[in-house]
Amino acid sequence: MNKVIFFNAIIRWGGEIIGKILWFLITIILARYLGSKDFGFFSYCFAFGSFLAIFTDIGTNIYLIKRVVETKQVSGILRDIINFKAVIFVFMFILSIIFAFLNTQQPYVFILIILFLLLSAMLDPAIYTFRAQKRMDYETLVVLSWRVLCFIFVILSTTFDFHLLGASIFLNIAAVISLFVVSFLVSKVYKTNYLEIRKIDFRNLRNILKESLPLGFLLLFGGIFFKLNILLLKELSDLQEVGLYSASFKLIEGSFFLSSIFMGSVFPFFCETSNDFYSRFRIFKSSFVILFLISLLIAVVSTIWSSQIINFVYGEQYITAVKSFKILVWCLIFIYLNELFMYYNTSINRQKISLINMFLTTLMFFVINFLIVPSNGSVGAAKVLLYSQVFLFILNIFTFKKT
């Protein structure tokens, strides 16, 4: 079993490393091309869209993994999830259009970025189905092809000086092509038309919501930490500070794939050993040590060479982002380990414990945002994220149950 986990993690890590490098380069290109203020607006739109995209999930991705692992069936579950996501997609897109024209100065850019993220979220059912069946090669192919296309089209938009509007249009083209690639792959593997929207079975929908909503709220609260932080910073400070914070955060966010890939490989085995405490807990302990050591190494190295990293990646115009970057890198330790606790609790149907912990942490998060951010800007936002992740980790430790 450990060999299979290791093999799957290596496949995903290999693909994700390439994909993350490409996405990292996209961030650098846009940050340098747009400047801190316009990049701040792009980051604001991206954070808002990512937050909306959470509602197209509301726990269905993790639910899909559990159902496929338990039933060994794919097509019916996959079809129900896709139909459900399509309905939420339409609702969220209409909501974003209304918000764009009422609250933003560049509504068309805002709408296009939201559309890109919502379209990209429609790739998730295929990705998580492959993950549930431990077909990390297919999952890697989907994710990597999407990021390669995004990279190519961003290069084209900046080369021909199409500005932010042009980049937004090109990103949507990449998302549409990726959906057709996924549709072709799913049709070959599972003999199912991925893009076919059928009549919704409301009985199945009710069952899906019943099991996935607790997971959905967990993802929603997680999105609050990583996305709403930027949105609040824009309201409590300005776009300049948003740009500086986003530049720092994008650097640590680029390493999230290390924990997500690892946990994506481990989670199916947590589910399979849900009734075997000793096997499950052995996997948990090993995962804890691995994630702690990886995150600690990143934090130490990043702190020592923080100025050189910021200057090399973004240039001197972002050098003031070093202060927030030094704080954010230490969030990684707690982000990685908190993710492990969440997946562990989910595998033994203790989502409510994780949900309560996240809810309490979110309350704290809101309060200290309004206390710290207005006078400290991007540095304050970084401190808020660190404090909230430490608080969540403490709650996870106290509520951990080895059963």
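Here, each number is a calculation from the coordinates, and none is a lab measurement. Just so you know, these numbers come straight off a predicted model, no measurement behind them. Because the Cβ atoms are built from the backbone with ideal geometry, glycine has one as well, and the counts that use them run over all protein chains shown.
By the count of other C-beta atoms within 10 Å, a proxy for reagent exposure, Asp80, Asp57, Asp137 are ordered fewest to most as Asp137, Asp80, Asp57.
Each Lys or Arg adds one and each Asp or Glu takes one away; over the other residues whose Cβ falls under 11 Å from the Cβ of Ser287, this sums to +2.
For the range 287-354, applying the loop criterion from DSSP together with a ceiling of 12 other beta carbons within 10 Å to the chymotrypsin sites (Phe, Trp or Tyr not before Pro) yields Trp305. Can you bin the range 280-403 into rounded, prolate or oblate? Criterion: square roots of the alpha carbon gyration tensor eigenvalues sorted a ≥ b ≥ c, rounded for a/c under 1.5, prolate for a/b above b/c, oblate for the rest. Oblate shape, in that a/c is at least 1.5 and b/c is the bigger or equal ratio.
Applying the criteria of a DSSP loop state and at most 14 other Cβ atoms within 10 Å to the trypsin sites (Lys or Arg not before Pro) of the range 47-147 yields Lys72. Using the structure shown, select from Lys20/Lys188; Lys250/Lys326; Lys85/Lys234; Lys250/Lys383; Lys20/Lys285; Lys66/Lys188 the pairs with a Cα to Cα distance greater than 18 angstrom. Beyond 18 Å: Lys20/Lys188; Lys85/Lys234; Lys20/Lys285; Lys66/Lys188. Leu34 sits among other residues whose Cβ lies under 14 Å from its own Cβ, and their net charge, with Lys and Arg +1 and Asp and Glu -1, is +1. With an a/c value of 1.5 or above and a/b not larger than b/c for the gyration tensor axes a ≥ b ≥ c computed over the alpha-carbon atoms, the range 24-168 is described as oblate. Would the range 90-172 count as rounded, prolate or oblate if I go by the C-alpha gyration tensor, calling it rounded below 1.5 in a/c and otherwise prolate when a/b exceeds b/c, oblate otherwise? Cα axes put the range 90-172 in the oblate bin. Listed by Cβ neighbour count within 10 Å, with the fewest neighbours leading, Ser145, Ser378 appear as Ser145, Ser378.
As a rough footprinting exposure proxy, the listed residues Glu316, Glu235 were ranked by other beta carbons within 10 Å of their own, and the order from fewest upward is Glu316, Glu235.
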